[in-house]
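The next block holds one structure in the form of structure tokens; read it before the comments.
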Amino acid sequence: MPDLILKITGYKEINIGASWETHIVDSTLDNLFSGIIDGFSVNLWTINSFDPAVIYRKSGVDMNIGDQFNIDDINNGIIVVEYLHGVSASGTTNFTITGAANYDINFTINSTI
Amino acid sequence: MGILRFRIAAREDLVFSNTFIEFIRGTTTTKILSIPYTNGSGQQVLFGDVLYTHLSPGVDGYIQITAASNQTLSGSGVLDVNLTHTVSATQGDQNINFDFDSSPIIIGVSYNSKPIAEDIIKDIENRSIYTFLNTDFTDAYEDFDLDSLSEVAIFGVVTGYEFNGSPYIEGTWINMSDVSSGNLKYVSVDQDAYYEKDNTWKAKDINGNISN
């Protein structure tokens, strides 16, 4: 009898908001997001580009280039980033921060996360 | 002077009606066939009497027809026979012709093939619901007779599969119209780790033939 095999990805869901610190995540990504949150109390982020290894979601909906989120979205925990578990990846997500120059977030994900 | 006299019986020949039977290619099968007759005049056959043989057992094309029981052919009735046939994967329709008690019997034989179902491997996301498409199955389906795919069934541990909004029950046949209506889904587990959901499946063609 032939096989019917479903291969289900292991994208890991990480809240960037209030519960961010509770997740064991890549320290670079953690620190960068924390730095942004700490450094800009009210800001608007616009996604200019992101690495295909990472998916950003706002309220469960995939975000694309040009989509925006702000500090309240982060604090409310509705912004999540997912990346493929078990795969090493690195890349850059470029955000435009209102009132500031473009801000690059460099991330590194390793398979132990 | 002595008399030389011939007594000529008024026996009428048996007349058999043409019959038809279908076999599945690539199999060896024994089927019972009832052959209607008229003009029986007490001819007898015993269970297992060989009425016709073509080729040898196990060889593609092998046919053997034997009496299915002890029978006396009187008036009108049916002659019950067992027809054993080994069919190649590409056998075309044919007639079997043989005589019984000097009366011709013609059996029309048609053939159909079981559909072939191949492996299906899908990449889907965790924390999501995957709705199956017809092409998920038709792309992994072949049929020698070009019979279309009618139904599919999934076997094994089917946890996570939903059919018409309810948990799918292993082995339930699902009409392809239901698949195209989006009624077959898989709800992936809400977990971070990669995993594989391994099942098997079968295909049924429009003639009711089921894949291996």
Review point. Any idea how many residues of segment B:80-122 are within 18 Å of the chain's Cα centre (by Cα) and among the basic types (Lys, Arg)?
Key: 1
Review point. Is there a residue in segment B:108-118 that is among the aromatic types (Phe, Trp, Tyr), farther than 30 Å from B:Glu12 by Cβ and away from every other protein chain (no Cβ under 14 Å)?
Key: yes
Check your understanding: Does segment B:153-183 hold any residues that are hydrophobic (A, V, I, L, M, F, W, C) and within 11 Å of chain A (Cβ to nearest Cβ), and which are they?
Key -> B:Ala153, B:Ile154, B:Phe155, B:Val158
Practice item. Just need a number here: residues in segment B:71-86 that are surrounded by fewer than 22 Cβ atoms within 10 Å (Cβ to Cβ) and either touching a Lys or Arg at 6+ places or on another chain (Cβ under 7 Å) or closer than 27 Å to B:Arg25 by Cβ (or both). Key: 4
Check your understanding: Just a yes or no: is a residue in segment B:2-12 at pLDDT 95 or above, β-branched (Val, Ile, Thr) and either loosely packed, with under 14 Cβ neighbours inside 10 Å or over 30 Å from A:Leu4 (Cα atoms) (or both)?
Key -> no
Point to revise | Positions within segment B:13-46 being within 23 Å of B:Gly75 (Cα to Cα), out of contact with any strand residue (DSSP E or B) (no Cβ under 6 Å at 6 or more places or on another chain) and either surrounded by 12 or more Cβ atoms within 10 Å (Cβ to Cβ) or of a type in the set (Asp, Glu) (or both), in sequence order | key: B:Ser41
Check your understanding: Does B:Gly171 qualify as being over 18 Å from B:Asn199 (Cβ atoms) and part of a loop (DSSP other than H, G, I, E, B)?
Key -> no
Review point. Can you tell me how many residues in segment B:89-115 are part of a strand (DSSP E or B) and over 28 Å from B:Lys204 (Cβ atoms)?
Key: 10
Exercise for review: Just give me the residues in segment B:184-212 being farther than 15 Å from B:Phe163 by Cβ, among the β-branched types (Val, Ile, Thr) and either more than 10 Å from chain A (Cβ to nearest Cβ) or in a strand (DSSP E or B) (or both), in sequence order.
Suggested key: B:Thr200, B:Ile206, B:Ile210
Study note, to complete from the structure: In the set B:Val59, B:Val87, B:Val78, the lone residue that is in contact with a Ser or Thr (Cβ under 7 Å, 6 or more places away or on another chain), in contact (Cβ under 8 Å) with a residue 24 or more places away in the chain and farther than 29 Å from A:Met1 by Cβ is B:Val78
Practice item. Grab the strands (runs of 3 or more DSSP E) fully contained in segment B:15-88, keeping just those with 2 or more residues being touching a His at 6+ places or on another chain (Cβ under 9 Å) and more than 24 Å from B:Asp147 (Cβ to Cβ). Key: B:63-67
Review point. Given (1) closer than 18 Å to B:Asn209 by Cβ; (2) assigned to a strand (DSSP E or B); (3) not acidic (Asp, Glu), where does B:Phe137 come up short, assuming only one miss?
Key: (2)
Study note, to complete from the structure: Taking segment B:148-193 and keeping only residues that are within 19 Å of B:Ser128 (Cβ to Cβ) and among the charged types (D, E, K, R), one is left with B:Glu162, B:Lys185, B:Asp190, B:Asp192
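The values are calculated or read from the model by the stated rules, or taken from the named source; none is laboratory data. Because the structure is predicted, anything quoted here is derived from the model rather than measured. Reconstructed Cβ throughout: ideal geometry from the backbone, glycine too, with neighbour counts over all protein chains shown.
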